[in-house]
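Have a look at the structure below before the remarks.
The values are calculated or read from the model by the stated rules, or taken from the named source; none is laboratory data. As the structure is a computational prediction, the values presented were derived from the model and not from experiment. Neighbour counts run over all protein chains shown; Cβ positions are idealised from the backbone, glycine included.
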Amino acid sequence: MITSGKGRLMSDINVTPFVDVMLVLLIIFMVTAPMMTNGVKVDTPQTTLQQMDIDEKALVISIDASRRVFINQYQLNASEVRQKLPTILDVKHTGDVYLKADKSLPYGLVMDVMAQIKDAGIEHIGMVTEPVPVKKAGRK
């Protein structure tokens, strides 16, 4: 046992190994975090509706400004959604699906993709929008 000069037990905890491990984990997360953010660049419309909770594992179907359709990261043509969606995922066990469309797209294209998603067997489709930025009141 380790004792101090007067015969008492030393009760100090050595935290150096703990700090070393935490610093290594911090560096690992700092390096890997930017690599984990992936997605399709879509300029969604802004609304004043309240934000709802979205499941992290939910399926996101995106339509970018070039009219390319993405199911998470899998790209396909807009006319292929009805045929390929059931082969990509199990539509009977899929919960909510979120549609994220660029605001510059024509309404008819977005509605056509929504109809194809419904025809593929998905019942619940959520539309993704961006919240309107809150304006701060300035002093005069």
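Here SER66 clears all of (1) at pLDDT 85 or above; (2) part of a loop (DSSP other than H, G, I, E, B); (3) closer than 25 Å to GLU123 by Cβ except the condition numbered (3). Note on the stretch 4-46: among residues that are β-branched (Val, Ile, Thr) and within 30 Å of LEU89 (Cα to Cα), the one that is modelled with the highest pLDDT is THR32.
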